[in-house]
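Chemist: There's a structure below that I have some questions on.
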Amino acid sequence: QVQLVESGGGLVKAGGSLRLSCSASGRTFSSYAMGWFRQAPGKEREFVASISWITYHADSVTGRFTISRDNAKNTVNLQMDSLKLEDTAVYYCAAKGGVGPYYTATSYDYWGQGTQVTVSS
């Protein structure tokens with residue numbers, strides 16, 4: 001069982017930066033691939049980034065967002081720079097213990113409650 005708690009969301013102007021953090025419980029954190037997804041109102045949840053022994057970023061955030069993890073602290077972070085209006089969404093941290101595409105939400109076993117990111121003009 002893994003419990004995930006996100007933090008760091010908020011209101012920021014376009015072009016600004018935010019850093020999201022996800023704190024995980026459990027002693028097997030390093031065995032999980034971790035991902036960030038987001039969901040805007042009226043839209044499906046979409047992949048943002050994932051990290052295991054390799055990182056992946058969605059095309060829409062490549063060059064602006066960076067995922068990282070600290071296994072000693074059981075945390076995964078998402079540094080978000082050059083934020084755009086279309087980045088506004090609830091951001092979710094997720095843990096994947098098995099096989100399955102890293103970019104598919106159904107591949108992930110555990111989810112946090114989400115943190116709101118709002119980008120204003």
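The values are calculated or read from the model by the stated rules, or taken from the named source; none is laboratory data. Here the structure is a predicted model, which is why all the values come from computation and not from measurement. Cβ: placed from backbone, ideal geometry, glycine included. Neighbour counts: every protein chain shown. Remember, those area values only see protein heavy atoms, side chains included, never the ligands or the DNA or RNA. Shrake-Rupley method; radii C 1.70, N 1.55, O 1.52, S 1.80 Å.
Chemist: Which of the residues that make up the stretch 96-113 are open to solvent by less than 50 Å² (accessible area, probe 1.4 Å) and among the charged types (D, E, K, R)?
Modeler: K96 - this is the single residue of the stretch 96-113 that is open to solvent by less than 50 Å² (accessible area, probe 1.4 Å) and among the charged types (D, E, K, R).
Chemist: Scan the stretch 31-54 for residues that are closer than 15 Å to Q3 by Cα and surrounded by 14 or more Cβ atoms within 10 Å (Cβ to Cβ) and report the count.
Modeler: Qualifying residue count, the stretch 31-54: 5.
Chemist: Could you give every pair whose Cβ atoms fall below 7 Å, whose first residue belongs to the stretch 96-115 and is without any contact (Cβ under 8 Å) to a residue 12 or more places away in the chain and assigned to a loop (DSSP other than H, G, I, E, B), and whose second residue is buried (at least 18 other Cβ atoms within 10 Å of the Cβ) and of a type in the set (S, T, N, Q), counting only separations of at least 6 or pairs across chains?
Modeler: Listed pairs, sorted by first residue: G100/S107; P101/S107.
Chemist: Mind checking which residues of the stretch 16-43 are hydroxyl-bearing (S, T, Y) and farther than 14 Å from L78 by Cβ?
Modeler: So in the stretch 16-43, the residues hydroxyl-bearing (S, T, Y) come out as 17, 21, 23, 25, 28, 30-32.
Within the stretch 16-43, S25, T28, S30, S31, Y32 meet the criteria.
Chemist: Is the stretch 46-59 home to any residue that is assigned to a loop (DSSP other than H, G, I, E, B), under 17 Å from Y92 (Cβ atoms) and of a type outside the set (G, A, S)?
Modeler: Going through the stretch 46-59, the residues assigned to a loop (DSSP other than H, G, I, E, B) turn out to be 52-54, 58-59.
The next check asks that each one be under 17 Å from Y92 (Cβ atoms); those that pass are 58.
Next cut, of a type outside the set (G, A, S) only: none.
Checked the stretch 46-59: no residue is assigned to a loop (DSSP other than H, G, I, E, B), under 17 Å from Y92 (Cβ atoms) and of a type outside the set (G, A, S).
Chemist: Would a scan of the stretch 62-75 turn up a residue that is surrounded by fewer than 20 Cβ atoms within 10 Å (Cβ to Cβ), farther than 20 Å from V5 by Cβ and not hydroxyl-bearing (S, T, Y)?
Modeler: Scanning the stretch 62-75 turns up at least one residue that is surrounded by fewer than 20 Cβ atoms within 10 Å (Cβ to Cβ), farther than 20 Å from V5 by Cβ and not hydroxyl-bearing (S, T, Y).
Chemist: Could you tell me which residue of the stretch 78-95 is nearest to S60 (Cα to Cα), considering only residues that are open to solvent by 20 Å² or more (accessible area, probe 1.4 Å) and part of a strand (DSSP E or B)?
Modeler: Ranking the candidates gives Q79 first.
Chemist: Report, ordered by the first and then the second residue, all pairs with beta carbons closer than 6 Å, sequence separation of six or more or different chains, a first member in the stretch 1-25 that is open to solvent by less than 30 Å² (accessible area, probe 1.4 Å), and a second member that is among the polar types (S, T, N, Q).
Modeler: Correct list of pairs: E6/T115; A24/N74.
Chemist: Could you tell me whether any residue of the stretch 114-121 is open to solvent by 60 Å² or more (accessible area, probe 1.4 Å) and farther than 14 Å from G8 by Cα?
Modeler: yes
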